[in-house]
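Report on the following structure.
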Amino acid sequence: MYLLEFNWNPLTGIDIVGNFKIHFYSLMWVAAFIIGWNIMKRIFNRENVKIEYLDPLFIYTVLATMLGARLGHVIFYQPELFSRDFFSVFLPFNFVPKFEFSGFSGLASHGAAIGIVFSMYLYRKKYKYNSLMWILDRIVIPVASGAVFIRIGNFINSEIIGKESGDFPLGVRFIQEYYRKGEIVKLTGIKDYKEAYQAVSNNPKFIDLLNAVPYRHAAQLYEAFCYIFVFLILLYFYLKTNKGNQPGFIFGLFLVLLWTVRFFVEFFKIAQVDGRDDYIWFMNTGQALSIPFIIIGIYFMFFFKQKSNYKS
């Protein structure tokens, strides 16, 4: 029995003209970066850092997040793309078996994290107003807030969905994930796929098609909800305790909290790439990749030492 019967069949964007469409998922990325910029601005003002350093930091972070996330997905989950369709790794198009716009259909948070750390190293080499550790201890606060919006975007897109939820009372039917556009048009006989999706949700004539969609865990929302607390905990330690002045602590706390959340939410997710559900012992790929981040985080929280308190 379900306490909340939730059929998820949303509009995923706004049609502008022709095939051009503003996707809500893209708007979630924009919101993440805008809010992150404003958080860092407040941090800069609080610590009397010249605001002229903020825009370059923003540019480095945006590029590193997107490139790192894309490369991370391909390296960790679809390495065959390098040989099968190389240019699709870096461009939002498929070239094999035919040329078509695809968007970046695979982004990995592990890759984004590595990309951000590397880009902060490059940024620090050019802008030397404070240490690399000072930057990392602060940048993870807006990164944590941004992670909330990204997972909400995944929910809007019906991607990174959960396993079947059985008798769990908050199961969600991801209708657009279960029926692809061409399939729903064929099954309903309605030529416009948007109308076809809505008919499945609302027209008793298509109740059998609706009932075929299994209830699943809303793993994206589980993760987004947990990341709210990751953000608030980091903010608390930065603003309310002396740990904000301990080099590496907040960065390490971010790694431990975020990847612990990721580790446990992975138990509810299906494989991120169709046909692949790789396991190392009891762990899937996402969990196995999270363990090193947690260990590194513990090191920075309790064992890392830096001279001259951020200035070197």
Has the stretch 72-85 got at least one residue that is at pLDDT 85 or above and surrounded by 18 or more Cβ atoms within 10 Å (Cβ to Cβ)? no
Return the only residue of Arg138, Arg124 being surrounded by 23 or more Cβ atoms within 10 Å (Cβ to Cβ), of a type in the set (Lys, Arg), within 25 Å of Val49 (Cβ to Cβ) and at pLDDT 95 or above. Arg138
Based on this model, can you work out whether Ile116 counts as touching a residue at least 24 places away in the same chain (Cβ under 8 Å), in a helix (DSSP H, G or I) and within 21 Å of the chain's Cα centre (by Cα)? yes
Scan Leu54, Leu67 and give me the residue that is in a helix (DSSP H, G or I) and in contact (Cβ under 8 Å) with a residue 24 or more places away in the chain. Leu67
Phe44 vs (1) crowded, with 17+ Cβ neighbours inside 10 Å; (2) within 19 Å of the chain's Cα centre (by Cα); (3) at pLDDT 95 or above: all pass except (2)
Say whether the condition of being over 26 Å from the mean Cα position of the chain (by Cα) and either closer than 20 Å to Ala271 by Cα or free of Cβ contacts under 8 Å to residues at least 40 places away in the same chain (or both) is met by at least one residue in the stretch 173-182. yes
Inspect all residues belonging to the stretch 92-113 and state whether any of them is in a helix (DSSP H, G or I) and surrounded by fewer than 21 Cβ atoms within 10 Å (Cβ to Cβ). no
All positions within the stretch 231-266 that are without any contact (Cβ under 8 Å) to a residue 24 or more places away in the chain, more than 22 Å from Ser109 (Cβ to Cβ) and not aromatic (Phe, Trp, Tyr): Leu239, Lys240, Thr241, Asn242, Lys243, Gln246
Answer from Phe267, Phe304 - the residue that is part of a loop (DSSP other than H, G, I, E, B), surrounded by fewer than 20 Cβ atoms within 10 Å (Cβ to Cβ) and at pLDDT 85 or above: Phe304
At pLDDT 80 or above, within 16 Å of Leu136 (Cα to Cα) and among the basic types (Lys, Arg): does that describe Lys50? no
Based on this model, can you work out whether Ser88 counts as surrounded by 13 or more Cβ atoms within 10 Å (Cβ to Cβ), at pLDDT below 80 and within 21 Å of His23 (Cα to Cα)? yes
Which numbered condition Met133 fails, given (1) out of contact with any Pro (no Cβ under 8 Å at 6 or more places or on another chain); (2) in a helix (DSSP H, G or I): (1)
Residues within the stretch 226-254 that are over 14 Å from Phe303 (Cα atoms) and not in a helix (DSSP H, G or I), tallied: 1
For the stretch 165-186, which positions are under 12 Å from Leu210 (Cα atoms) and of a type outside the set (A, V, I, L, M)? Arg173, Phe174, Gln176, Tyr178, Tyr179
Close pairs (9 angstrom Cβ cut-off, 6 or more residues apart or separate chains): outside any helix (DSSP H, G or I) in the stretch 70-89, small (Gly, Ala, Ser) anywhere: Gln78/Gly106
Can you pull out the residues in the stretch 201-225 that are out of contact with any Lys or Arg (no Cβ under 8 Å at 6 or more places or on another chain) and either assigned to a helix (DSSP H, G or I) or not small (Gly, Ala, Ser) (or both)? Ser201, Asn202, Asn203, Pro204, Lys205, Phe206, Ile207, Asp208, Leu209, Asn211, Tyr222, Phe225
Are any of the residues in the stretch 24-35 touching a strand residue (DSSP E or B) at 6+ places or on another chain (Cβ under 6 Å), modelled with pLDDT under 95 and not aliphatic (A, V, I, L, M)? yes
Flagged in the stretch 152-193 as surrounded by fewer than 14 Cβ atoms within 10 Å (Cβ to Cβ) and outside any loop (DSSP other than H, G, I, E, B), in numbering order, are Glu164, Lys181, Gly182, Glu183, Lys186
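The values are calculated or read from the model by the stated rules, or taken from the named source; none is laboratory data. The model shown is predicted, which means the values in this text are computed figures rather than measured ones. Neighbour counts are summed over all protein chains in view; Cβ atoms, including those assigned to glycine, are modelled from backbone coordinates with ideal geometry.
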